[in-house]
Structures are given as C-alpha cells and as structure tokens.
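J.: Please find one structure pasted underneath; my questions will follow.
The values are calculated or read from the model by the stated rules, or taken from the named source; none is laboratory data. Being a predicted model, the structure only gives us computed values, none of them experimental. Quick reminder, even Gly has a Cβ in these numbers, built from the backbone with ideal geometry, and neighbours come from all protein chains shown. The area values use the complete protein model at the heavy-atom level, side chains included, leaving out ligands, DNA and RNA. Shrake-Rupley method; radii C 1.70, N 1.55, O 1.52, S 1.80 Å.
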Amino acid sequence: MENKKDVFYLAGYDPRSYRYYYALLKRNLYKQNYLNGLNLSISPCSQKNEIPCCVIVGEESQVNYHFLQWDSVVKKYWAKSLCDFVFDFAYFLKTYIFSGIFRVFAKESKTQLIAGLYPIVYFCLSYAVSFVGIFYLFQMLESWNLAVAILCVLVCLWSVTKVILYLGKKFAVFWLSNIYVFCAKYAAGKIAESQALINEFSNVILNVLQKKQETKNYELILCAHSVGTILAMSVAARVVRIAQEQKLDLKCFKILTLGQCIPLVSFQKSCGQFKMDLQTLGNAPLVWFDFTAKIDGACFPLLDYFRASGIQAKFKPKFLSPRFHQLFTPQTYKKIRYNWYLAHFLYLYSNEILGSYDFFNFIGGKNTLESKIGAV
C-alpha cells in the first residue's frame, strides 16, 4: 500500500529563496538514488496558495514537499553595511558577553562558545593588526608630509575595512554574527514579523492535518534546519495546542530537526513565550528526532535543550548523531570536518557511503519516519 506524506520544510536563517533549497533537494536526491536504490523522482516546484510545493514519488510513496518561506524576513534583518556589522557587534557584546550568558554556553557547549567568539576575535584581531601597520605607516610619512600621512591613513582604513568585510563574508564570520543577533532579538520579541510567520505556518499545517485525519498510511512531517528549528518550536507548539482544542489526532504529526541552535533563544533571559512553547511540546507524545553533529560549528551537538533550559518535559525528542564520519570517505571527511559552514548543511546532502542517516529516505521513502530512524 502506498505511503502518503506531507513534509513542511523550514530553512535556516538564509536570505536565499526556496528556489535554492529546491535545487539543493533535487540535485542531492538524484545522487542519493544511486546509493539507496529508492529511485525517487521529483516534480518541478509549483506555488499554489503561495506555498511552494513539489511532489516526490517513489515506488511505494508519494510526498508533497512544501517550502515554508521566510527569506524576506531574513533579508530585512541581514547585516549589509559596515554600520550594520558594527551595530550587530555591539548588540552581540551586550546580549551574550556583558549579560553573562556566555558562561552557560561554556558549560553546555564549547563548540557554540567558540563559534560565538569567532566574529569578535576576527573583528578585533583584524583591526588590531591593521591599526599597528597603519600607525607605523603614519609615523614614516608624518615627518615628510603630515597631509599626505593623514590621507594615506584614511585610504588605508577604507581599504582595510573593505578587505575585512570581504573576508568576513567569504569565511562566514558575519553569517554567524547575524544568526546570534537575530536569535537574541527573537527571544526578546524584537522581530516584529515572527508571530505572523508562526500563525501562517501553523495554520497551513493545521489545514492539511484536518483534511488528512481519516487518511491511512499517512504522516505529516515538520522538518526544520538550523535557525528554522527555533521557528519550528513555536509553529509546532501552536499546532499542538489548537489540535488538542479541536480534538484532532496528532499521531501522524512528526518533527525532524537538523542542526538545531534552539538554546540561542532558550538560554536568553527574556524568552518566556518560547519556553512556554517548549513546555507545550514537552507535554505532547510526539514522534520527534533531533540530529546534530560535533563537526557542525553552528549547532548544539547532542544537547538536551529541555534540561539545559530548565524545562521539565515528560516527552523529549530522540537526540541523535548523523555520524557523518561513516557517510563519507576519509579523504572527503578530512576536508569537511574543519569547514563549519559546509558541515552545517551536510544534513541536506547526499552521502558517499550508505549509512543509517539518509535524509532522502526519511522524507521520501516508504514506511514511517520512526521505523526508519528508530534503530539509529
């Protein structure tokens, strides 16, 4: 009997549109076919009811794969100019360093502590080295011509800033600072669009859930990656609350979180509503799998964020590692393990070696999510 699914995918903090993630899905799905033998096919992406959707078909499965868009909100808060970076830098210091939260990160996840300090170290060290060089240049030129010395200093400062910004973007320094600042503002309720997004996404899911209550061999999977997992918590909590009010069966509603950075919000002092959402999920017996990897510098690997955030939960996700070292050849893994940016997206990529972690089987293969992951 054919398995039918709806997968709602929530991307991370990324200004790229659903078209990028559709292309990523399509390219890697066909590559993975050579390993898992599922022979999945994927349709072009259509945009019915403003929710982009494609259809993934296997021999015994059919999946409607929906892209929950929020890249327009990301673009609004994405730092673009030097002033934006400076303001983000100041906000980061205030929220994570001066507030003392960095001590919690140090206790629970040294990887995240290093990732958080990375933009600060890069910014300060780059300008410190540059200022030393510019100072010696000024001393050399001052005795000859003060006006020329000042002009050279200004030109050097402008040039150095351009280089720092270029390299910062190239090595994902400002991508990290963007994420940290956004999460702090989200926790404090300073992202004006957040509630509208949560309502929109949860309403779409609830609408499908209501229609599929009598459908057999069906599952609805909320799949989120990176910062998208933070939004997913509030979306899932609202789905659970309304479903319980409407007496809907939630057995088919499942969650798959990849490379989560949930504590970036749940560790904040002003995240009362978010903790309430986590508490709602902690009281619901949902099928939920949470994958994180130690080589992923933008996640909290295998951290029980319920416990770490002081939330009592009757039910928790199953915290798992994708074991990337078993999915790639030693040569490839050696290149990947120190590339934090690439490692953060590996959850969505095809593998070189067939292993227990297979994203495309999880979302497109026959049988239930728990039957495919339960033994991992």
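J.: Could you tell me which residue of the range 223-243 is farthest from P15 (Cα to Cα), considering only residues that are surrounded by 24 or more Cβ atoms within 10 Å (Cβ to Cβ) and touching a Ser or Thr at 6+ places or on another chain (Cβ under 7 Å)?
T.: Selected residue: V239.
J.: When you look at G297, is it more than 17 Å from the chain's Cα centre (by Cα) and among the small types (G, A, S), yes or no?
T.: No, not satisfied.
J.: Another question, then. Within the bounds of the range 273-285, is there any residue that is modelled with pLDDT under 90, open to solvent by 10 Å² or more (accessible area, probe 1.4 Å), assigned to a helix (DSSP H, G or I) and over 19 Å from F102 (Cβ atoms)?
T.: The answer is no; no qualifying residue exists.
J.: Can you confirm whether the range 264-273 contains a residue that is without any contact (Cβ under 8 Å) to a residue 60 or more places away in the chain and in contact with a strand residue (DSSP E or B) (Cβ under 9 Å, 6 or more places away or on another chain)?
T.: The answer is no, given that none of the residues of the range 264-273 is without any contact (Cβ under 8 Å) to a residue 60 or more places away in the chain and in contact with a strand residue (DSSP E or B) (Cβ under 9 Å, 6 or more places away or on another chain).
J.: Going by the structure shown, is K269 part of a loop (DSSP other than H, G, I, E, B) and of a type in the set (K, R)?
T.: In short, yes.
J.: Another question about this same structure. Read through the list (1) open to solvent by 30 Å² or more (accessible area, probe 1.4 Å); (2) at pLDDT 95 or above, then give the number of the only condition that F171 fails.
T.: It fails just one condition, (2).
J.: Only helices (runs of 4 or more DSSP H) wholly contained in the range 302-376 count here; list those with 3 or more residues that are open to solvent by 30 Å² or more (accessible area, probe 1.4 Å).
T.: 330-336, 340-345, 369-373
J.: Another question, if that's okay. Which numbered condition trips up A243, out of (1) part of a loop (DSSP other than H, G, I, E, B); (2) in contact with a Phe, Trp or Tyr (Cβ under 9 Å, 6 or more places away or on another chain); (3) among the small types (G, A, S)?
T.: (1)
J.: Next question, about the same structure. Please find, among Q62, Q69, the residue that is within 18 Å of the chain's Cα centre (by Cα), open to solvent by 30 Å² or more (accessible area, probe 1.4 Å) and touching a residue at least 12 places away in the same chain (Cβ under 8 Å).
T.: Step by step, each of Q62, Q69 is checked, and only Q69 is within 18 Å of the chain's Cα centre (by Cα), open to solvent by 30 Å² or more (accessible area, probe 1.4 Å) and touching a residue at least 12 places away in the same chain (Cβ under 8 Å).
J.: Which residue out of F89, F98, F102 is open to solvent by 10 Å² or more (accessible area, probe 1.4 Å), over 30 Å from K366 (Cα atoms) and in contact (Cβ under 8 Å) with a residue 60 or more places away in the chain?
T.: F89
J.: Any idea which residue in the range 244-272 is surrounded by the most Cβ atoms within 10 Å (Cβ to Cβ), counting only those that are closer than 19 Å to K190 by Cβ and of a type in the set (S, T, Y)?
T.: S266
J.: May I pose another question? For the range 297-311, check the following and say yes or no: at least one residue is in contact (Cβ under 8 Å) with a residue 60 or more places away in the chain, closer than 17 Å to L231 by Cβ and of a type outside the set (G, A, S).
T.: There is at least one residue in the range 297-311 that is in contact (Cβ under 8 Å) with a residue 60 or more places away in the chain, closer than 17 Å to L231 by Cβ and of a type outside the set (G, A, S).
J.: Oh, and also: Taking the range 122-167 as the search range and keeping residues that are among the hydroxyl-bearing types (S, T, Y) and open to solvent by less than 50 Å² (accessible area, probe 1.4 Å), which one is modelled with the highest pLDDT?
T.: S159
J.: Scanning for something open to solvent by less than 40 Å² (accessible area, probe 1.4 Å), in contact with a strand residue (DSSP E or B) (Cβ under 7 Å, 6 or more places away or on another chain) and at pLDDT 85 or above, does the range 73-84 turn up at least one residue?
T.: No.
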